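What follows is calculated from the coordinates using simple rules that are stated; it is not laboratory data. Because the structure is predicted, anything quoted here is derived from the model rather than measured. Heads up, the Cβs are rebuilt from the backbone with ideal geometry, glycines too, and the neighbour counts pull from every protein chain shown.
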Amino acid sequence: MSDRQPLLRVKELRQYFPIRGGVLGRVQNVVKAVDGITFDVYPGETLSIVGESGCGKSTTGRSILRLQEPTSGEVYFDGDNLLELPRSALRHRRRDMQIIFQDPYSSFNPRQTISQLLNEAMSIQNVVDKPRRRERVIELLEMVGLKAEHIDRYPHEFSGGQRQRIAIARALSVEPKLIVCDEAVSSLDVSVQAQVINLLKKLQRELGLTYIFVAHDLGVVRHISDRIIVMYLGQIAEIGDTRTIFRNPQHPYTRALLSSIPIPDPKQRSRPVPLVGDVPSPINPPAGCPFHTRCPFVMERCAADKPAQHVLSDHQSVACHLVEDGPIDYDALPVTVTV
Ligand code: SF4
């Protein structure tokens, strides 16, 4: 990937939320939802961001699109730093970057038909001449596996999976380059999840789309991702291509997440790492390595020294002191705390 130009470049992105209190409403604390993350997204790839609830993955997606104004950092899209664009220019740029939410119903106006919903998106961005828009809506519905006869129905007349297809059609209506899928399949039944993932893959092949796919389940992202970022407490624990992450996860947290999902061939299962307790609060997160309060391999220095991202290969980098001298041999590694 390194010789290709990224479509999106995220540098040291931070998203802190102040907590106000007292009579004067002064800032009393800060939630560090995203805490200085850096990564690239390449054209035509699916980069998934995974982690437990509260790890900052959804906030990352929304901050990139400035749906939540980031605290600091740089986000380059096709050369422009989005965080420096005036609102009017950003509105124009949004045509290239769309988002699909977990619950599309809440982002639909229940009084609008599907035709009106999709028309609205096209007219805001001035895509497709007005007389041709109805025809285009039908094309979009068919692209996502719905029918022309659905055009004048209302959102409540559709199932959860169909609504997600409508949300995809609405995102496609402005001809974006990048789509952030924010837990887009998380609330669907497993069989419907698979259908929507297959649809997203087909559209990516046909339209050359780039996806940032946010999910809490590594099992779900396996079949759609080219690369995966594992986040923990607002920071990147590990980033790598999907094959490497599944075959040879190096960060103890990645390994713990993988230990909890079924693997079809038990011979391929490496030494499991238990994951106990909850994610600590992102208000005053642990010093040093953010995972040190739950890591079964914790060392004395982990509570004080924040690990750097160590590049193990073109396909993998890991923020853990244990990889300083190369990849970890988990079978030889003693567990240092009883969990
Ligand atoms: Fe565990 Fe220490 Fe590595 Fe953090 S740096 S993951 S606490 S071994």
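Along the axis of the charge dipole computed for the chain (Cβ charges of +1 for Lys and Arg, -1 for Asp and Glu, origin at the Cα centre), the listed residues Pro290, Val137, Ala33 are led at the positive end by Val137.
Pull out a ≥ b ≥ c, the square roots of the eigenvalues of the alpha-carbon gyration tensor of the stretch 123-187, then state rounded if a/c is under 1.5, prolate if not and a/b is larger than b/c, and oblate in the remaining case. All intermediate terms of the calculation are to be shown ahead of the outcome.
Details: a/c = 2.23, a/b = 1.21, b/c = 1.84.
Cα axes put the stretch 123-187 in the oblate bin.
Taking other residues whose beta carbon is less than 10 angstrom from the beta carbon of Pro6, and scoring Lys, Arg as +1 and Asp, Glu as -1, yields -1.
Please give the peptides 136-144, 188-196 ranked by average Cβ packing (other Cβ atoms within 10 Å per residue), highest first, as a rough proxy for protection.
On the way: 136-144: 18.8, 188-196: 15.3.
Ranking, from highest mean packing down: 136-144, 188-196.
Positive contributions from Lys and Arg (+1) and negative ones from Asp and Glu (-1), summed over other residues with Cβ under 14 Å from the Cβ of Gly73, come out at 0.
Let me know the charge dipole size of the stretch 8-332 about its Cα centre in debye, to the nearest 20, where only the beta-carbon of Lys, Arg (+1) and Asp, Glu (-1) is charged. List each step's numbers first, then the result.
On the way: 40 positive and 38 negative charges, 166 e Å.
The calculation lands at about 800 debye.
So which residue, out of Thr210, Thr38, Thr59, gets the largest mean-square fluctuation from a GNM of the chain using Cα contacts under 10 Å as springs? With Cα springs under 10 Å in the chain, the top fluctuation among Thr210, Thr38, Thr59 is at Thr38.
Per residue, what volume in Å³ does the convex hull of the Cα atoms of the chain enclose? If you can, show how the numbers build up before the last one.
Values: hull volume 55.3 nm³, N = 339.
Per-residue hull volume (Cα only) is 163 Å³.
This ranking places Phe17, Phe101 by how few other beta-carbon atoms lie within 10 Å of each, fewest first, which gives Phe17, Phe101.
Springs between alpha-carbon pairs under 10 angstrom, Gaussian network model over the chain: which of Ser317, Ser48, Ser187 fluctuates most? Result for the chain, Cα springs under 10 Å: Ser187 fluctuates most. Tally Lys/Arg at +1 and Asp/Glu at -1 over every other residue whose Cβ is under 10 Å from the Cβ of Arg93; what's the total? That works out to +1.
Pairs Lys147/Lys177; Lys130/Lys201; Lys11/Lys202; Lys57/Lys177; Lys57/Lys201: which are spaced more than 28 Å apart, C-alpha to C-alpha? All intermediate terms of the calculation are to be shown ahead of the outcome.
Values: Lys147/Lys177 25 Å; Lys130/Lys201 30 Å; Lys11/Lys202 30 Å; Lys57/Lys177 20 Å; Lys57/Lys201 21 Å.
Violating the 28 Å limit, Cα to Cα: Lys130/Lys201; Lys11/Lys202.
Each of Met231, Met299, Met122 has some number of other Cβ atoms within 10 Å of its Cβ, and from fewest to most they run Met299, Met122, Met231. For the options Asn119, Asn198, Asn29, a Gaussian network treatment of the chain with springs between C-alpha atoms closer than 10 Å singles out Asn29 as fluctuating the most.
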